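Student: Sharing a structure, written as structure tokens. Questions coming.
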Amino acid sequence: MNHYDLIIIGSGPAGRAAAIQAGKLKRKVLVVDRRDRLGGVSVHTGTIPSKTLRETVLNLSGWRERSFYGRAYRVKDEIRAEDLKARLHMTLDYEVDVLEHQFNRNHVDTLHGLAKFVGKNEIEIATEAGETICLTADKFLLATGTRTYRPDYVPFNGTTIVDSDEFLELAVIPRSMIVVGAGVIGVEYATMFSALDVRITLIEPRDSFLDFIDRTLIQEFTHHIRENGVDLRLGSAIEVIEDAGGHVEVTLENGRHVRAECLLFAAGRMGSTNSLNLQAVGLETDHRNRLNVDRKTYQTEVPHIYAAGDVIGHPSLASTSLQQGRVAACHALDTPSLAESPWFPYGIYSVPEISTCGMSEEELQERGIPYEVGIARFRETSRGLIMGVEHGMLKMLLSLKTRRVLGVQIVGEGATELIHIGQAVMNLKGTVDYFVQNTFNYPTLAEAYKIAGLDAFNRMPIPDEFKVTKKTKAKKA
């Protein structure tokens, strides 16, 4: 019982998908996780908690109804940290229960402990009970995820100066907060707590943020969050962070000072690979402790060892990690599988949401691809008016040569759900004609696709097959 076909280290999205796939292939598979509960970072401190927190904030604050009832409208007058945590813990318990059930149903073995390699095909697991268990396997999948980056110049104290993991355990909702790092995590937490009327200062050392998103969308998003009260400081490198007891003091290199009750440091993450003893199998990591893999098979430089999920870096999404884990398991177990689709969506669960799929306008310009743009504002849709959506837009990028959809960018309510329509059309090599020809439910926010499609269609050259030729009959003599 000590030998397995596949041992997976980590039970986040990549490990979870790989284990279930291996189970369905009737292979002997084991999942090892250092936590005492399954789910990994995604379930306990990352994706699920942050999205649950966002939904709780928007519901309790009455955010979505304020356009009707005024900015002072609240579903609950006094929102406390306990209110946010109640729904959070319910969701996490349910997620863990579902995962345990899936593993049981697919005959996946699990073991809690810290794993490390001690040989080419052998790992050693140190359990919390003080036991050391040695196991062997034909193949391994490393799905250990990431941990927070904690530089020495930040005086973390777990209460007023915290990282994104500790942030979920705050005992009190602060009245003011500094967020360092305008990446996905920093932007999500900054905007959702701004919806709770917490005074937010978002600091980013670079002159831009979320650089993989279309600049038009970022301009729109920046306008929204500043209007909602987020003080965005770009190009502001930090010189000193001081724990002043009752508050946090930050001095920037440009000489400015920022003071708040709490500071969230969300500037980057590191691969969780330090404890794996990778040198025992001849593997090395990059400067962020991440592993390099073949992006088609997810094999590392050591053929019988695979890696998937955040531990391999970009794009570091739960959705892509699920796909990577499944593909890695199939390849490791010599089972044919469909290739991953070329276009996948990004989702940023900020307030408002951002979601994109395909190329940005900047990418099209760099490649010299002739294109047209279609724009739709959510307020132009009847559903948007009914919902009280004051902001939001959908941008569609289309090839002038082939009329194919090359990219869709959305900011606003429901962006992460709406993006899948554009994703489907792009992966099926669809054109703008799809949106012009087809009828959408009315009223819906999805109608924005048709509006954007028509916006571009009316400026694009008419295809030859659409042109109508008038034939005149010669008059009889």
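The values are calculated or read from the model by the stated rules, or taken from the named source; none is laboratory data. Note that the coordinates shown come from a computational prediction; the quantities given were computed from them, not determined experimentally. Virtual Cβ from ideal backbone geometry, glycine too; neighbours counted across all protein chains shown.
Student: Name the residues in the stretch 55-75 that are more than 18 Å from Ala171 (Cβ to Cβ), in contact with an Asp or Glu (Cβ under 7 Å, 6 or more places away or on another chain) and without any contact (Cβ under 8 Å) to a residue 60 or more places away in the chain, would you?
Tutor: Tyr73
Student: Based on what the data block shows, is Ala19 touching a strand residue (DSSP E or B) at 6+ places or on another chain (Cβ under 6 Å), in contact (Cβ under 8 Å) with a residue 24 or more places away in the chain and in the same structural domain as Gly130 (by TED's automatic domain parsing)?
Tutor: Considered against the rule, which asks whether it is touching a strand residue (DSSP E or B) at 6+ places or on another chain (Cβ under 6 Å), in contact (Cβ under 8 Å) with a residue 24 or more places away in the chain and in the same structural domain as Gly130 (by TED's automatic domain parsing), Ala19 comes out as yes.
Student: So Leu428 clears everything in (1) without any contact (Cβ under 8 Å) to a residue 24 or more places away in the chain; (2) surrounded by 15 or more Cβ atoms within 10 Å (Cβ to Cβ); (3) not aromatic (Phe, Trp, Tyr) except one condition, right? Which one?
Tutor: (2)
Student: Determine the pairs where a residue that is surrounded by 24 or more Cβ atoms within 10 Å (Cβ to Cβ), located within the stretch 302-330, has a partner that is among the hydroxyl-bearing types (Ser, Thr, Tyr) and part of a helix (DSSP H, G or I) with Cβ atoms under 6 Å apart, the partner being 6 or more residues away or on another chain.
Tutor: Gly309/Ser321
Student: Looking at Ser355, Ser350, can you tell me which residue is in a loop (DSSP other than H, G, I, E, B), modelled with pLDDT of 95 or more, surrounded by 21 or more Cβ atoms within 10 Å (Cβ to Cβ) and in contact with a Ser or Thr (Cβ under 8 Å, 6 or more places away or on another chain)?
Tutor: Ser350
Student: May I ask you to verify whether Arg290 is more than 21 Å from Ser164 (Cβ to Cβ), of a type in the set (Lys, Arg) and either in the same structural domain as Ser50 (by TED's automatic domain parsing) or surrounded by fewer than 19 Cβ atoms within 10 Å (Cβ to Cβ) (or both)?
Tutor: For Arg290, the condition - more than 21 Å from Ser164 (Cβ to Cβ), of a type in the set (Lys, Arg) and either in the same structural domain as Ser50 (by TED's automatic domain parsing) or surrounded by fewer than 19 Cβ atoms within 10 Å (Cβ to Cβ) (or both) - is not met.
Student: Turning to a different aspect of this structure: Show the residue pairs meeting these rules: Cβ distance below 9 Å; 6+ apart or different chains; first residue within the stretch 128-146 and in the same structural domain as Lys28 (by TED's automatic domain parsing); second residue in a loop (DSSP other than H, G, I, E, B) and among the β-branched types (Val, Ile, Thr).
Tutor: What qualifies is Ile133/Thr127; Phe140/Val281; Phe140/Val302; Leu142/Thr273; Leu142/Thr300; Thr144/Thr273.
Student: Ok, one more. Under 6 Å between Cβ atoms, at least 6 apart or on separate chains: pull out the pairs that start in the stretch 345-367 with a residue that is within 20 Å of Thr52 (Cβ to Cβ) and end on any residue that is among the charged types (D, E, K, R) and in a helix (DSSP H, G or I).
Tutor: These pairs meet every condition: Tyr349/Lys51; Tyr349/Arg54; Tyr349/Glu188; Ser350/Glu188.
Every residue, every condition in (1) at pLDDT below 95; (2) surrounded by 14 or more Cβ atoms within 10 Å (Cβ to Cβ); (3) more than 22 Å from Thr47 (Cβ to Cβ), yes or no:
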| site | (1), (2), (3) |
| --- | --- |
| Ser176 | no, yes, yes |
| Ala195 | yes, yes, no |
| Asp214 | no, yes, yes |
| Thr222 | no, yes, yes |
| Gly229 | yes, no, yes |
| Ile241 | no, yes, yes |
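Student: Out of all the residues in the stretch 122-148, which are assigned to a loop (DSSP other than H, G, I, E, B) and crowded, with 17+ Cβ neighbours inside 10 Å?
Tutor: Ala143, Thr144, Gly145 - these are the residues of the stretch 122-148 that are assigned to a loop (DSSP other than H, G, I, E, B) and crowded, with 17+ Cβ neighbours inside 10 Å.
Student: If you go through the stretch 40-49 one residue at a time, do you hit one that is farther than 24 Å from Gln323 by Cβ, touching a residue at least 40 places away in the same chain (Cβ under 8 Å), in contact with a Leu (Cβ under 7 Å, 6 or more places away or on another chain) and not in a strand (DSSP E or B)?
Tutor: no
Student: Can you find, within the stretch 22-39, the residue that is farthest from Phe167 (Cα to Cα) among those that are part of a helix (DSSP H, G or I) and either out of contact with any His (no Cβ under 7 Å at 6 or more places or on another chain) or free of Cβ contacts under 8 Å to residues at least 60 places away in the same chain (or both)?
Tutor: Lys24
Student: Need the failing condition index for Tyr153 against (1) modelled with pLDDT of 95 or more; (2) more than 27 Å from the chain's Cα centre (by Cα); (3) outside the structural domain of Leu322 (by TED's automatic domain parsing), just the number.
Tutor: (1)
Student: Now for a different question. So Asp109 fits all but one of (1) buried (at least 18 other Cβ atoms within 10 Å of the Cβ); (2) of a type in the set (Asp, Glu); (3) closer than 17 Å to Ser11 by Cβ; what number is the exception?
Tutor: It is condition (1) that Asp109 fails.
Student: Please enumerate the residues belonging to the stretch 185-222 that are within 18 Å of the chain's Cα centre (by Cα) and farther than 27 Å from Val75 by Cβ.
Tutor: The answer is Phe209, Leu210, Asp211, Phe212, Ile213, Asp214, Leu217, Ile218.
Student: Quick one: count up the residues across the stretch 166-218 that are of a type in the set (Lys, Arg) and in contact with a Ser or Thr (Cβ under 9 Å, 6 or more places away or on another chain).
Tutor: 2
Student: Now for a separate question. So which residues in the stretch 364-389 are outside any helix (DSSP H, G or I) and at pLDDT 95 or above?
Tutor: Selection gives Gly368, Ile369, Pro370, Tyr371, Glu372, Val373, Gly374, Ile375, Ala376, Arg377.
Student: Oh, and also: Taking the stretch 263-298 on its own, how many of its residues are on the phi < 0 side of the Ramachandran plot and either outside any loop (DSSP other than H, G, I, E, B) or of a type outside the set (D, E, K, R) (or both)?
Tutor: 24
Student: Checking Leu398 against (1) surrounded by fewer than 17 Cβ atoms within 10 Å (Cβ to Cβ); (2) outside any helix (DSSP H, G or I); (3) modelled with pLDDT of 95 or more, which single condition isn't satisfied?
Tutor: Just one mismatch for Leu398, condition (1).
Student: Right, next: In the stretch 282-304, how many residues are more than 26 Å from the chain's Cα centre (by Cα) and under 16 Å from Ala143 (Cβ atoms)?
Tutor: Number satisfying all stated conditions: 3.
Student: Moving on. What number of residues within the stretch 26-75 are of a type in the set (Val, Ile, Thr) and modelled with pLDDT under 90?
Tutor: Count: 2.
Student: I need the full set of residues from the stretch 1-15 which are surrounded by 24 or more Cβ atoms within 10 Å (Cβ to Cβ), touching a strand residue (DSSP E or B) at 6+ places or on another chain (Cβ under 8 Å) and not in a loop (DSSP other than H, G, I, E, B), in order please.
Tutor: Leu6, Ile7, Ile8, Ile9, Ala14, Gly15
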